[in-house]
Amino acid sequence: MITHASHKGSQTDAAERGVPADWLWRSMTAYIRPAIILVAGLALSAYCFRTMQEWERRYLRASAAATVADSATPYVVLIGGCALTLFSALCWAPQNRRSVGHRCMPGQQGIGQVELEQALRASEETLSRILDGTPIPLFVVDRRHVITHWNQACQNLTGIPAREVVGTRKAWAAFYPDERPVMADLVVDQRPEEEIVAMYGDRCCESPMLPAAYECEAAFAHLGIGGRWLLFMAAPVRDATGSLVGAIETFQDITDRKRVEGELQRRIEDLSEAQRRMEVLVSNTTDREKRMVALKREVNDLRRLLGREPKYQGPQLVDELIARSSASVGE
């Protein structure tokens, strides 16, 4: 029952506090209905009792066959009617009087709603701890492009604490000198793949792991000392009904890998240049050897004309020399 009320117990204030606007009417009707049943049942029982007494006075007492049981019939009817009425009223009474009492107290919420809000807050805190403990730098934006999460790894990567960006739309400030949409913004806006690829270049493509997710790698000159290479991926976040509620963007520092790839590319270029020079040297050497063989053959021919023995011995055919040079180059 209501013990006191105040101005804060008005319907407007109750609605602001999460209490239904008709909380007073619900609380009253929870007890009015069984009270009406009880009063109506007792009145009907009293009417039946008086009727039975009148019937007994007129007919049974004048009859010689009347018994004591016949005289007790009106009282039996009265007691039975009262018992049935009381049982019906109890059945209609509110099952959870504690819950009804809480609804009657202005400014208070039902136990179920309080527990639901506590569970929701606990779930949000657990999610924040999971994201904050993830070693992968990431941030989350909602449907309005507002940053809702900025984990510790992302703080370490960008050097920007979460308190400066959470609740804002300034995710771009950590990666670009001028304002522009980040990939998570494009995913939230459901931009077509052609537009995303045009903005990030050939290094951007749709992720093979998730639909409507994209990945890209790019250099960020103002991150860290000497800049950093990042592989970043953005994916949509949906609720239980499948509706888009935001996007998550993750980062991976691939600076060391890019440095190794650059060093490997320089080594390959150096080897290619050395091979080209070797081929030129071998070609020049082969031409010189061909000329020497030709001169030696002319000398031998002249000595034969003079009736002398050839001066030079060894391979006489240029094809043999070329074959021997090609074999040495192949080795």
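The values are calculated or read from the model by the stated rules, or taken from the named source; none is laboratory data. Worth saying up front: this structure is predicted, and the values here are computed from it rather than measured. Using ideal geometry, Cβ is built from the backbone for each residue, glycine included, and neighbour counts are taken over all protein chains shown.
Odds and ends about this structure:
To keep it simple, each residue is scored yes or no on (1) aromatic (F, W, Y); (2) surrounded by 11 or more Cβ atoms within 10 Å (Cβ to Cβ); (3) within 21 Å of Y176 (Cα to Cα); (4) outside the structural domain of E206 (by TED's automatic domain parsing).
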residue	(1), (2), (3), (4)
P236	no, yes, no, no
A240	no, no, no, no
S243	no, no, no, no
A247	no, yes, yes, no
S272	no, no, no, yes
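- Residue within region 207-218 that is of a type in the set (D, E) and farther than 23 Å from H145 by Cβ present: yes
- Hits in region 94-145 (condition: modelled with pLDDT under 85 and assigned to a loop (DSSP other than H, G, I, E, B)): P94, Q95, N96, M105, P106, G107, Q108, Q109, G110
- Within region 160-177, the set of residues being of a type outside the set (S, T, Y) and without any contact (Cβ under 8 Å) to a residue 24 or more places away in the chain comprises I160, P161, A162, R163, E164, V166, G167, K170, W172, A173, A174.
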